[in-house]
Amino acid sequence: MKDYLIWLKSGECINGTTKENILKMLQDRFKNHENGKEIISFTDEDGAVIFDMDRVEAIAVNKCYEDRKAGF
């Protein structure tokens, strides 16, 4: 199990913990994604996650720490 954080183009985030093979699939789909609607769904420790890959800005697969110095 690993932590993940998905940044959406809207500025919102999806985060949680899920299996490593699911995160590998997400990384591969993100790298190979071309423009167009591609709905992704998977389960994590909290339930189901469903989103459009076209709205994803970045994916982090590790422990994410907030940086209070970041931003304006």
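Values quoted throughout were computed directly from the atomic coordinates according to the rules given, and no laboratory measurement underlies them. Everything numeric in this text was worked out from a predicted model, so none of it was measured. Cβ placement follows ideal geometry from the backbone for every residue including glycine, while neighbour counts extend to all protein chains displayed.
Before moving on, here are some points about what is shown:
- Counting only strands (runs of 3 or more DSSP E) that fall entirely inside the range 1-60 and contain at least 1 residues that are touching a residue at least 60 places away in the same chain (Cβ under 8 Å) and out of contact with any Cys (no Cβ under 7 Å at 6 or more places or on another chain), the qualifying elements are 2-8.
- Checking each residue in the range 1-36 for being touching a Ser or Thr at 6+ places or on another chain (Cβ under 6 Å) and either hydrophobic (A, V, I, L, M, F, W, C) or closer than 11 Å to Val56 by Cα (or both) picks out only Met1.
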